[in-house]
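The values are calculated or read from the model by the stated rules, or taken from the named source; none is laboratory data. Quick caveat: nothing in here was measured; it's all calculated off a predicted structure. When we count neighbours, we look across all protein chains shown, and the Cβ atoms used for this are built from the backbone with ideal geometry, even at glycine. Remember, those area values only see protein heavy atoms, side chains included, never the ligands or the DNA or RNA. Shrake-Rupley method; radii C 1.70, N 1.55, O 1.52, S 1.80 Å.
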Amino acid sequence: MWKFILKRLALSVMILFCVTFIIYLIMRCLPSSFVETQAMTLSQAPGAKPYAEWLDQLSEMYGMNQNVFAGYFGWLKDFCAGRFGDSWVYNVPVIEKFHETVWLSFIMGAISFFFEIIIAVPLGVIAATKQYSKTDYAISTLALIGISLPSFFFATLLKLFFAVKHQWFEISGLVSRDYLLMTPSQQFWDKAMHLVLPIVTLTIVSIGSLMRYVRTNMLEVLNADYIRTARAKGLSERKVIYHHAFRNTMIPLVTIIGGSLPGLFAGALITEQLFSIPGIGFASYQAMIKGDIPFSMFYLTFMAILTLLGNLISDILYAVVDPRVRIA
Amino acid sequence: MKKQADLKNKPAAEKTEALSLNDDRRVKVLSPTALVLKRFFRNTLSVVGLVMIVVMFLFSFLGGFLIPYDEDEIFYTYTDMKKNFVTAEVNDRYRYLTTNSQTYDHDAFEKALNDSKDRYRSGGMEYEIQTLGTDLYLIRSNNADVAIEYKEALNALDTSQKFSFDMTKAALTAHAEKSPRFSADGSDYTIDADGVVFENNTPIAVVSRFIVTSKENGRQIPLGFRNELQKAVENKETELHYQDENGTEYDYSLEYKPANNNWDVKQGKSTYVKDTYSKPSKAHPLGTDSNGMDMLTRLMYGGRVSLVIGFIVVFIAAFLGVLFGGISGYFGGWVDNLIMRIVDIFYCIPSMPLIIILGAAMDAMQIEPKIRMLYLMLILGFLSWPGIARLIRGQILSLREQEFMTATEACGISVHRRIFQHLIPNVIPQLIVICTMDLGSTILTEATLSFLGLGVKFPFASWGNIINDVNNSFVMENYWFIWIPAGFCLLISVLGFNFIGDGLRDAFDPKMKR
C-alpha cells in the first residue's frame, strides 16, 4: 500500500513538473501581457520615457528578460522554497491574496457540495430502483438538464427572477453597501443572503453528473447476483435496496466524493465571476485576463495539485473502502 | 434427394399452414445496426433528443437561407427626437440696447422711472430720459443717444440677424407712432399695424412683446409659426403642430419654465438611427440587438457557428484520440506508457483557466475574428482528445486479446490494417457515445467563452456572445428577447446531444433489457 502511494506520488510530481513547465511556457510566450500593457500606459504619460525603454526596465524588474528555461527553473526553485512572489495586478504577495480569497470559495464549494450529495444520492437511488418508471424518466431528464444548463444563462435567469423581479436575494457582490454599519450577526446574515444565488447555481449545474453516476452504479449493483440471492432468500425489498444494494453503491460513491474534496478549494471561475463574489475564482480570472504571471502560475499549479491529489485520494479510498481491492 | 423435393414442394402446400418452429423464416433477421436503431428509437428520451437536434439544425442551417436578412445586416429607423428649438417669452420688463458697448446702468434707469424722474445721475454722468412711446424710452447724455429701453422688442425672423441701434430705435419708434414706414442705416422699411417689419415686401422682423429667441444661430422663425406659437402660449397649450410653406409638418412641445418665466419649445425631429433593441415585431420577430441587427437572424447564424465549432472540435479530438489511443492500446509497452503519461499531463492541465488565458492573449494580439475562431477550435480540440484516447486504449487493450485478433495475425494482415480495420470498428459504439456527449460539452464551453468575450467575436454571432449582452444590466432587466431565446437554443442543443448520447449508450449495450 505504502509502496503504491509512494509510486503514485513520484508519478504525480513528474506530471506536475511537466504541467507547470507547459503552463509557464504558454504564459511566457504570449505577447502583450502585463508588462507590455504596463509599459504602454507608462510611456503615454506626459514627458515619459519611450515605450522601448519602459519595456526593458519593466522586463528586468519583473524578471522577464531571462530566457524561458532559466525563468522556469528560477520560478520552480522559488515555488519549492515557498516563495510565490508578488501578484502584479493586486500588488500584494500572491499567498496573501490567496489566503484572502480561498476560504470564501471553499465555504461556497462545501455548502453546494453538501446540497449536491443530499439531493443527488437519494434521487439517483430512487431512479435506479424504479428503472424505466415515470419517476426515473423525470429524474434522468432533470439530471441531463442540469448537465446541459449553461451556468451563465442559469445564473442570469436566477438573477432576473429572484433579484430583479422579486428582490428576495442580492444580484451580485458579497456585502451590501451598509455592511460596515451592521452588527456582526447582521453582517453574517447579509453575506449569507448574497451567497444564496451563487450556491444555488453551483449546486444545480453540478448536481446532474453525480445523480447519473449514482443511478448507473446502483443499477449495476441491482443487477448483481447477490441481490438476486438476497431477494431469493426472502428479504424485504427495503432491506435489499438499502442494506445490500446501497452499501455496495457506496464504494464508487465514496471514492468519487473523496476524490472531489480537493476540488472544493479550486473555486468556481465562472460563477464567482458572474456574481462578483471575491473568491479565488474571481481573483484568478482577473489576474489571468490581465496577464499576471505570478498569480496565474500559482493558481494553475494549485489547480493541478488539487487534481492530482483528488485522483490519489480516490485511488486510496477505493482500496480502503472495498475489501476486494488490494493494491500490490 | 427426396427430402429436397419435399422441401421444394412444401411452400406451395404450406401457404395456409404454419411454419415449423425451427424454420429460419419464422425469425426476422436484423443486422446489429438495425438492432441498435430499434432500441434507440424505442427510447422516448433519445427520440426527443433527436427531434431537438434536427429542429436546431433546420433552424440554424435552413433558417439562415430562408430569412431575408444577412448575419450582420444593420437596420435603421426613424425616431422622434426632441431637440431644443426656441425659447418663447412674453416680455414684461424693460430691455435695453446701447449705442456702444460702454457700461450702462440699467438699474439706475429703472429707479428713475419708478421715481417718475426724467433725469438721473449714474457713475458721474448725467442722463436724460426721453419718452418715445408707451414703455419706450430713449436715454441720452450730452445730447447723444446712449441707450434705448423698451418692452416691445424687435424680433428678427432669422436669429442670425442682429439689428443695429439705429435700426431698433427707428423700428420701435415707428411702431409706437404707428407710422407705416421708416428708414434706418440707409434702407427703407415698412411696418404694419401688427408690428411686422418688411424690407422689400419681405418680412424680416416683428416688433412685439412676444420674444422668441434661439440658442442656435441662424434659426429661421417664419411669421406663421410665430403667430401659432404665440396663440399656443396664450392658451397655455403643451403641444403645437405647424405646417410650413413647403407642406412639411412639425411637432413641437411647449414647456413652461417658471424659473425663467419662459417657454421651452422643442421640435420633434425624426432622425435616422440604428434600430437598436427594438421590441419584437412582424419585421423582427425577436427584435433587434444593440447593433440594430435582427435577433432571429443572429440566432440562426449563431447556431451555425456554435454547432459547426462543436463538430469540428469533436472531430479533431476524436481523430487525435483514436490515433493515440489506438497506437497506445495496440502496441502496449513503452509506447503505451509514454502516451498515457502524456494523457495524464493533459488531464492535469486546468483547461478552463488555460483557455481563458489564451483567449485574453488573443484579445491582446487583436487577432481577426475569423482566424480567432479557427484557433479556438484547434485549442478546444487539442485539449479534449485525452479522454477519447484513454477510452479507446482501454477498449483496444481488451479487444486485442480476443481470438479474432489472433486470426488477423495468423492471416498476416499488416499492423496498420489490424488497428484501423479490425480494432477501431469494434470501438466505434463507445466512440460515438463519447463524441455525442462531447459535442454537448464543447458547445457549452464555447458558449461560456463567448459569453466571457473570449471566444467567438463580433461580427460573428454565437449563442454565447449573444447572451453576453446581459452584462449590461439594463438589457437583462428589460430586453428578455435578446438573451432568453439564445439561452434556450443553447440548452436545447446541448440537452439534445446528451439525450442522444444517453440513448445510444443504452442502445449499444447488449445487456440492455429492452
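Would you check if B:Phe65 is out of contact with any strand residue (DSSP E or B) (no Cβ under 7 Å at 6 or more places or on another chain), exposed (fewer than 12 other Cβ atoms within 10 Å of the Cβ) and closer than 24 Å to B:His284 by Cα?
yes
Anything in region B:453-468 that is within 12 Å of the chain's Cα centre (by Cα) and within 14 Å of chain A (Cβ to nearest Cβ)? List them, or say none.
Matches in region B:453-468: B:Asn465, B:Ile466, B:Ile467, B:Asn468.
Which ranges mark the helices (runs of 4 or more DSSP H) fully within region A:210-328 that have 3 or more residues being among the β-branched types (Val, Ile, Thr), open to solvent by 10 Å² or more (accessible area, probe 1.4 Å) and within 14 Å of chain B (Cβ to nearest Cβ)?
A:293-321
Is at least one residue of region A:26-35 charged (D, E, K, R) and open to solvent by less than 60 Å² (accessible area, probe 1.4 Å)?
Yes - at least one qualifying residue is present in region A:26-35.
Quick check on my filter: what residues within region B:201-217 are open to solvent by 40 Å² or more (accessible area, probe 1.4 Å) and in contact with a strand residue (DSSP E or B) (Cβ under 9 Å, 6 or more places away or on another chain)?
Hits for region B:201-217 are B:Asn201, B:Pro203, B:Arg209, B:Thr213, B:Lys215, B:Glu216.
Can you tell me which residues in region A:40-85 are surrounded by 13 or more Cβ atoms within 10 Å (Cβ to Cβ) and of a type in the set (Phe, Trp, Tyr)?
Across region A:40-85, the qualifying residues are A:Tyr51, A:Trp54, A:Tyr62, A:Tyr72, A:Phe73, A:Trp75, A:Phe79, A:Phe84.
Among the listed residues B:Leu299, B:Leu223, B:Leu286, identify the single one that is touching a Cys at 6+ places or on another chain (Cβ under 7 Å), over 30 Å from B:Phe420 (Cβ atoms) and in contact (Cβ under 8 Å) with a residue 40 or more places away in the chain.
Just one listed residue meets the conditions, B:Leu299.
Looking at region A:6-25, which of its residues are open to solvent by 60 Å² or more (accessible area, probe 1.4 Å) and either more than 24 Å from A:Asp78 (Cβ to Cβ) or modelled with pLDDT under 80 (or both)?
Result: A:Leu6, A:Lys7.
Listed here are the residues, each with its yes/no results for (1) in a helix (DSSP H, G or I); (2) polar (S, T, N, Q).
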residue: B:Asn426; (1), (2): yes, yes
residue: B:Leu431; (1), (2): yes, no
residue: B:Asp438; (1), (2): yes, no
residue: B:Thr445; (1), (2): yes, yes
residue: B:Leu449; (1), (2): yes, no
residue: B:Val456; (1), (2): no, no
residue: B:Ile492; (1), (2): yes, no
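How many of the residues in region B:340-386 are within 12 Å of chain A (Cβ to nearest Cβ) and not in a helix (DSSP H, G or I)?
So the answer is 4.
Which residue, of B:Gly303, B:Gly333, is assigned by TED's automatic domain parsing to the domain that holds B:Leu449 and on the phi > 0 side of the Ramachandran plot?
Just a single option satisfies the conditions, and that option is B:Gly333.
Against the condition in a helix (DSSP H, G or I), within 13 Å of another protein chain (Cβ to nearest Cβ), within 17 Å of A:Ser209 (Cα to Cα) and not aromatic (Phe, Trp, Tyr), how does A:Gly146 come out, does it pass?
yes
Of the residues in region B:89-117, how many are at pLDDT 80 or above, loosely packed, with under 15 Cβ neighbours inside 10 Å and in a loop (DSSP other than H, G, I, E, B)?
Qualifying residue count, region B:89-117: 5.
If you check B:Asp506, B:Asp502, which single one turns out to be over 30 Å from B:Asp363 (Cα atoms), more than 8 Å from chain A (Cβ to nearest Cβ) and acidic (Asp, Glu)?
None of the other options fit; the residue is B:Asp506.
Does B:Leu444 satisfy the criteria of being within 21 Å of B:Phe311 (Cβ to Cβ) and surrounded by 24 or more Cβ atoms within 10 Å (Cβ to Cβ)?
yes
Quick check on region B:466-487. Is at least one of its residues aromatic (Phe, Trp, Tyr) and closer than 30 Å to B:Arg505 by Cβ?
Looking through region B:466-487, none of the residues is aromatic (Phe, Trp, Tyr) and closer than 30 Å to B:Arg505 by Cβ.
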